[in-house]
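S.K.: To start, I am sharing the structure in question, which I have written as structure tokens.
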Amino acid sequence: MAIRWAALAGLLLLGACFSRDARPTVFARAEVDLECSPDEVAVTEVGTCTYLAEGCGKKATYVVYPAARDSVVCCPLAGCHARMDGGVTEQATAPRRPTPKPDVASCDSLPDDEALLYRRGAGLVTPYLNRDGHEAGQSDARNRELRAGVVCFERVLLLAPSHGRALWLRAKTLQALGEHTRAASAFATAFKAQPNSPDVGREYVLELLATKSFPEAVGVAERVARDHPSDATLLINLALAQLLNADAQGAARTIEQALSLTPNDAQAKSLQRRIADVADGRQKQPQSIEELTLPATN
């Protein structure tokens, strides 16, 4: 006879958790269940192997436990039950994630169902995206599933061109794949649909810089910073774009504005030194964003 998970919590959880952080697993599940973008989901550990996920006005509590030697399973607290053999499974009535490792063309076999296609795409890509949306590891399997996710989002957008979460995740996934030209185009579409989103604007500027579209990056960065004047990170992006666009004087003025908002920001201070070095001729004019990953001259 099945025994409810809650009644066994004290017995089963003692040896159930991995020592590694289970939050990425919870994020991946919660993003699908709450129908939220990763940036809108917050996860808090509330007990042994138990996590609370909140986002988009919704909440869910999850239990995480070992499924195999190097993996974990995450299921809603109310949707887990124990078997007599000591294993733990998710009840059939509980919400389920899409199959985690479908074939790359898997979305082609799904019906034209906007919600279903989005859930499948989100289930594919979110395990590989960290909280900033950039790479969380590199492998052939990772890249196959990220590209499969893009296929899903493309189909969602054929059905619902203004689907904000699909626009965002498609662009972030292409960014994670390092396909910067496609990512810039995807962020341009997302920005057109969500011109007041500082997150979309911020990432769009970074992809324009990655593709060396410096004048366009300055224009977008100016607009986003003007619309959100209290966000220092947007001013830092603008200063970066101005510097790469060979306007060191304008970049110097902008980074001063950023530092007036966040005087102790290490990134802003480092960029300010680099801008000063270029303006004074101590360093060459940078030609790409990659050149600016080097430490600035003290």
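S.K.: I want the local charge near ALA160. Using Cβ-Cβ distances under 14 Å, sum +1 for each Lys or Arg and -1 for each Asp or Glu among the other residues.
M.R.: That works out to -1.
S.K.: If you plug each phi of region 224-237 into the Karplus form 6.51 cos²θ - 1.76 cosθ + 1.60 with θ = phi - 60°, what whole-Hz ³J(HN,Hα) values come out, in order, with x for Gly and Pro?
M.R.: 5, 5, 5, 6, 9, x, 8, 9, 5, 5, 6, 5, 4, 4
S.K.: Separate question: At a Förster distance of 22 Å, what's the computed FRET efficiency of LYS59 paired with LEU261, Cβ-Cβ distance as r, to 0.05?
M.R.: That gives a FRET efficiency of 0.10.
S.K.: Gain in length, VAL46 to ASP280, computed as 0.36 nm per residue apart minus the alpha-carbon separation, to one decimal in nm?
M.R.: Computed gain between VAL46 and ASP280 is 78.9 nm.
S.K.: For a protection proxy built on the mean count of beta-carbon atoms within 10 angstrom, sort 119-129, 157-167 highest first, please. Each step should come with its number before you reach the end.
M.R.: On the way: 119-129: 25.5, 157-167: 16.8.
Highest mean packing first, the order is 119-129, 157-167.
S.K.: Convert each backbone phi in region 182-198 into a coupling constant with the Karplus relation 6.51 cos²θ - 1.76 cosθ + 1.60 (shift: θ = phi - 60°), then list the ³J(HN,Hα) values in order as whole Hz, x for Gly and Pro.
M.R.: 5, 5, 4, 5, 5, 5, 4, 5, 5, 5, 5, 7, 10, x, 9, 8, x
S.K.: Using mean Cβ contacts within 10 Å as the protection proxy, how do 211-221, 264-274 order, highest first?
M.R.: Per-residue mean Cβ counts within 10 Å order the peptides as 211-221, 264-274.
S.K.: Under a plain spin-label model, where a point goes 7 Å from the Cα along Cα-to-Cβ, how far apart in nm are ALA115 and ASN143?
M.R.: Roughly 3.6 nm, to one decimal.
S.K.: So how compact is region 195-298: Cα radius of gyration and Dmax in angstrom?
M.R.: 12.5, 38
S.K.: Could you run the Karplus curve 6.51 cos²θ - 1.76 cosθ + 1.60 with θ = phi - 60° over region 267-283 and give me ³J(HN,Hα) per residue in whole Hz, x for Gly and Pro?
M.R.: 5, 5, 5, 5, 5, 4, 5, 5, 4, 4, 5, 6, 4, 8, x, 6, 9
S.K.: Still on this structure: What full-extension length gain, to one decimal in nm, is calculated for GLU290 and ARG223 as 0.36 nm per residue of separation minus the Cα-Cα distance?
M.R.: Length gained between GLU290 and ARG223: 21.7 nm.
Computed from the coordinates by the stated procedures, all read-outs in this text should not be read as laboratory data. This is a predicted model, so every value here is computed, not measured. Here the Cβ is made from the backbone with ideal geometry for all residues, glycine too, and neighbour counts use every protein chain on show.
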